[in-house]
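Okay, structure first, notes after.
The values are calculated or read from the model by the stated rules, or taken from the named source; none is laboratory data. Note that the coordinates shown come from a computational prediction; the quantities given were computed from them, not determined experimentally. Here the Cβ is made from the backbone with ideal geometry for all residues, glycine too, and neighbour counts use every protein chain on show. Side chains included, ligands, DNA and RNA excluded: accessible areas come from the protein's heavy atoms. Shrake-Rupley method; radii C 1.70, N 1.55, O 1.52, S 1.80 Å.
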Amino acid sequence: MSWFEYSQLVLKKVSFDKALFRKELRKLLHYLSVGERIQLLQWCRRQKPWHQPEAALVSG
């Protein structure tokens with residue numbers, strides 16, 4: 001399983017909670033290449049647009 005696939009799995013499991021989703025997204029982005037980060041953010045927008053994945057990048 002790749003880091004990208006693992007990231008999707010984790011985010012699916014925590015998608016019930018916005019704060020937890022963002023926290024996990026921030027952590028997972030550190031393990032991905034630039035291309036995979038872009039793919040994951042696009043995937044997030046398609047899955048849960050209300051999560052605003054970009055907010056995870058700028059919030060502390």
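Report the residue count in the range 24-51 for those that are without any contact (Cβ under 8 Å) to a residue 12 or more places away in the chain and either in a helix (DSSP H, G or I) or open to solvent by less than 70 Å² (accessible area, probe 1.4 Å) (or both). The number of residues fulfilling the criteria is 10.
Does the range 28-43 contain at least one residue that is modelled with pLDDT under 95 and touching a His at 6+ places or on another chain (Cβ under 9 Å)? No: the range 28-43 contains no residue that is modelled with pLDDT under 95 and touching a His at 6+ places or on another chain (Cβ under 9 Å).
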